[in-house]
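Notes to accompany the following structure.
The values are calculated or read from the model by the stated rules, or taken from the named source; none is laboratory data. Bear in mind the structure is a predicted one, so any value in this text is a computation, not a measurement. Cβ placement follows ideal geometry from the backbone for every residue including glycine, while neighbour counts extend to all protein chains displayed.
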Amino acid sequence: MNGSSAAAAEAAFRQERAAVLATLIRQLGDFQLAEDALQDAFAAAIVDWGRNGVPDKPGAWITVTARRRAIDRLRRERGLADRVERLRVQAEREAGASDEPEPADRLRLLFTCCHPALALEARVALTLRTLGGLRTEEIARAFLVSDAAMYQRLVRAKRKIAVACIPYRVPADEDLPERLGGVLAVLYLIFNEGWSASGGERLVRGELCDEAIRLARMLLRLMPDEPEVGGLLALMLLHDSRRAARVDRHGALVLLEDQDRTLWDRGRIREGERLLEAALARGSVGPYQLQAAIAALHATAPSVEATDFAQIAALYELLARVAPAPVVEVNRAVAVGRAHGAAAGLAVLAPVLAGGELDGYAPLHAAHADLLERAGDADGAQLAWERAAACAGNDVARTALQLNCAGTCAPPRPSRPPARSR
């Protein structure tokens, strides 16, 4: 097989993988068997497509081939004759129907991967593995764990689905709002880890941002009438529009107020605005739409001085009523401090500091330090900068905060997009 044929096969598989895998899991009822059969089909495609070219309907070709390879695998195992027979009967029942993967299967798979019975870390890993197509070692590297640990995490998640009989379906209408919120939270967690990595030597892990955006696009295609899905995608795009300006050529953090706005991706900003307008027009405003509206005010302002912080503070106040969370209050305090003065911002932040729930959250202490410095309390600001640096898990963020401790750079603002706590 020549290089161009191999590239065509890999591109087709990348495009069709999630859809085919979702259909196979529905047909086989077994995550691991479906993944193994899909790999067998890929190996077969490398040979067949090298000779005959990529078929007109690669998804259908892969689905049929993988299903046959699954039957072959089952036949080689003892005591599985009943499963082979069930699969044969199902194949006969579906004969004549299109072998193209069903779009609804991807939606079922996404809700299965994000089922609340699974630990949050398992939901994230399984979503990236099955729907994202990332290799185990890629996911492990992104979340700074060993390959073996991530492999075991995925194995446990698949076992839990089987043992707990987690249903492979889209939730009923009465359960959909809560379950959809869980799916959106997983996608935003993936994006946030890419946008402000919790550890390691890089601040931004672009591959995770890209994957979260891709999955959100897929979800919006499958659920176009859900305004919060459009709101989340808009939020991701608006934040991601600043990616090229967030770090300098040495990988050091560049604060929002110091970023070169000519580097911001105007195409993503326009797309985010369109998605937000479409979501808001549906008349059901949720947390992700509100956060996207805040991000849009930042993204469209020509400068920090021209940013409408009063409107941002008002939106955070509304967000705090819709989805109350300490992290929201941290961000609201920053906006209030900019719009109405440091004393007002400190008043908003005081209950969060007293509550202690976010004591290890570096942006809380960075916000506190910034407000104290603006209020003229240099000694208090110094202590808060030191606390922020001690809490930072990411090397790039820690270095920036340590520079603030030394008084050699301007105070940072919390750079992680506001997260929705659940």
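Count, please, the residues in the range 121-144 that happen to be hydrophobic (A, V, I, L, M, F, W, C) and at pLDDT below 85.
Pass one, the range 121-144, residues hydrophobic (A, V, I, L, M, F, W, C): 122, 124-126, 128, 131, 134, 139-140, 142-144.
Subset that is at pLDDT below 85: 134, 142-144.
Here the count works out to 4.
Which residues, counting only those in the range 134-149, are surrounded by 16 or more Cβ atoms within 10 Å (Cβ to Cβ) and under 21 Å from Phe111 (Cα atoms)?
Those that are surrounded by 16 or more Cβ atoms within 10 Å (Cβ to Cβ) and under 21 Å from Phe111 (Cα atoms): Leu134, Thr136, Ile139.
Within the bounds of the range 247-263, is there any residue that is touching a helix residue (DSSP H, G or I) at 6+ places or on another chain (Cβ under 8 Å), crowded, with 20+ Cβ neighbours inside 10 Å and modelled with pLDDT of 95 or more?
No, because not a single residue in the range 247-263 is touching a helix residue (DSSP H, G or I) at 6+ places or on another chain (Cβ under 8 Å), crowded, with 20+ Cβ neighbours inside 10 Å and modelled with pLDDT of 95 or more.
Does the range 353-366 include one or more residues that are over 22 Å from Ser198 (Cβ atoms) and crowded, with 24+ Cβ neighbours inside 10 Å? It would help to see each step written out before you state the result.
The first filter runs over the range 353-366 and keeps only residues over 22 Å from Ser198 (Cβ atoms), leaving 354.
Retained after the next criterion (residues that are crowded, with 24+ Cβ neighbours inside 10 Å): none.
Checked the range 353-366: no residue is over 22 Å from Ser198 (Cβ atoms) and crowded, with 24+ Cβ neighbours inside 10 Å.
Tell me yes or no: at least one residue of the range 198-211 is within 15 Å of Ala292 (Cβ to Cβ) and either in a helix (DSSP H, G or I) or not acidic (Asp, Glu) (or both). Write out each step before concluding.
Pass one, the range 198-211, residues within 15 Å of Ala292 (Cβ to Cβ): none.
Within the range 198-211 (the criterion being within 15 Å of Ala292 (Cβ to Cβ) and either in a helix (DSSP H, G or I) or not acidic (Asp, Glu) (or both)), the answer is no, since none of the residues qualifies.
Table: residues versus (1) of a type in the set (D, E, K, R); (2) more than 29 Å from the chain's Cα centre (by Cα); (3) part of a helix (DSSP H, G or I); (4) at pLDDT below 95.
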| position | (1), (2), (3), (4) |
| --- | --- |
| Glu373 | yes, yes, yes, yes |
| Arg398 | yes, no, yes, yes |
| Asn404 | no, yes, yes, yes |
| Pro417 | no, no, no, yes |
| Arg422 | yes, no, no, yes |
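What tally of residues in the range 229-272 results from selecting those that are in contact (Cβ under 8 Å) with a residue 24 or more places away in the chain, under 27 Å from Gln402 (Cα atoms) and of a type in the set (D, E, K, R)?
7
Could you tell me which residue of the range 183-206 is nearest to Arg246 (Cα to Cα), considering only residues that are surrounded by fewer than 18 Cβ atoms within 10 Å (Cβ to Cβ) and in contact (Cβ under 8 Å) with a residue 60 or more places away in the chain? Lay out the reasoning, then the answer.
Narrowing the range 183-206 to residues surrounded by fewer than 18 Cβ atoms within 10 Å (Cβ to Cβ): 198-202, 206.
If we keep only those that are in contact (Cβ under 8 Å) with a residue 60 or more places away in the chain too, we end up with 198-202.
Values: Ser198: 16, Gly199: 17, Gly200: 16, Glu201: 15, Arg202: 11 Å.
Residue satisfying both the conditions and the ranking: Arg202.
Somewhere in the range 315-332, is a residue among the β-branched types (Val, Ile, Thr), more than 19 Å from Leu358 (Cβ to Cβ) and within 28 Å of the chain's Cα centre (by Cα)? Even if it seems obvious, please write down each step before you answer.
Residues of the range 315-332 that are among the β-branched types (Val, Ile, Thr), as a first pass: 322, 327-328, 330.
Checking the rest, the ones that are also more than 19 Å from Leu358 (Cβ to Cβ) come to 322.
Adding the requirement that they be within 28 Å of the chain's Cα centre (by Cα) leaves 322.
Yes, some residue in the range 315-332 is among the β-branched types (Val, Ile, Thr), more than 19 Å from Leu358 (Cβ to Cβ) and within 28 Å of the chain's Cα centre (by Cα).
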